[in-house]
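Here is the structure we will look at, set down as structure tokens.
The values are calculated or read from the model by the stated rules, or taken from the named source; none is laboratory data. Keep in mind the model is a prediction, meaning the values are calculated, not measured. Calculation scope for accessible area: heavy atoms of the full protein, side chains included, ligands and nucleic acids excluded. Shrake-Rupley method; radii C 1.70, N 1.55, O 1.52, S 1.80 Å.
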Amino acid sequence: MKESYGTLSETINGLKIEGYTLDFNIYEQCIVCNSNSLKFLPNEFEIDKVFRFEGDTNPEDQSILYAISSLKNNVKGLLVNGYGISADTEVNELIAKLNTHPELAKIINLNKNTDNESTLLRPEGKRILNAPLVEIDLSKFIKKIKQEITWDENDQNAITIFKSKFSTIVLMGMKENAELKAHLANRNIIIQVLEGEINFKTDLHSSLLDKGQMVALQSNISHSIVAILESFFLLTISMDA
């Protein structure tokens, strides 16, 4: 099994060629495959490999892919879960019970010091995300965002700069006229503008925010963002205690 296959879809396709053909889901603290009615308890399968993918432009695109096998049932398959803002708590609770690769502990147990894993677009890894004290150089991260190929090829880019059990902070950059289309977040969020000007919209309200201004929004409210100018802002996502 390779260390990296590329994007999430490329990794799924590559692993299917290697025999991980079933699509697994979580149901009542068990792994299930709806296509053939298979159902596995935690002691009936193992996690062979974990792949983590950063959302290049939207933190809600972050995901983890688990390559799972059951020697008892002679089957292999894949399970996809989000992390951070989009993590499925039920999946995390089940995965935490299993014999897994050491890198998974960093993703699940955020009470300990953790750093980011290397990805295809950010192969350097080892950037501290959670510790008793995390120093964050925003100017340095803005420069990094603008130097990456994602910024060259798209109208936005983002990087997670802090993550703990209770909150995640993402630095987001958007080129002039770029848009994050209307979506829901299942956590409370705070948007704080560092540079530029954005239009933050909900179904009932629209706020023009420039440097030094911020807005807080409770969970499950549809919202969108349009960059009036090239803009950089902090997205803080609160987690359940």
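The figures follow:
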read-out: Heavy-atom accessible area ranking, 1.4 Å probe, most first, across Tyr5, Tyr66, Tyr27; value: Tyr27, Tyr5, Tyr66
read-out: 3J(HN,Hα) from dihedral phi, region 138-149, Karplus parametrisation 6.51/-1.76/1.60, rounded to Hz, x for glycine, proline; value: 5, 4, 5, 5, 4, 4, 4, 4, 6, 8, 7, 5
read-out: Accessible surface of Ser4 - all protein chains present, 1.4 Å probe, nearest 10 Å²; value: 60
read-out: Cα-Cα P(r), region 142-241, percent of pairs per 10 Å interval; value: 16, 49, 31, 4
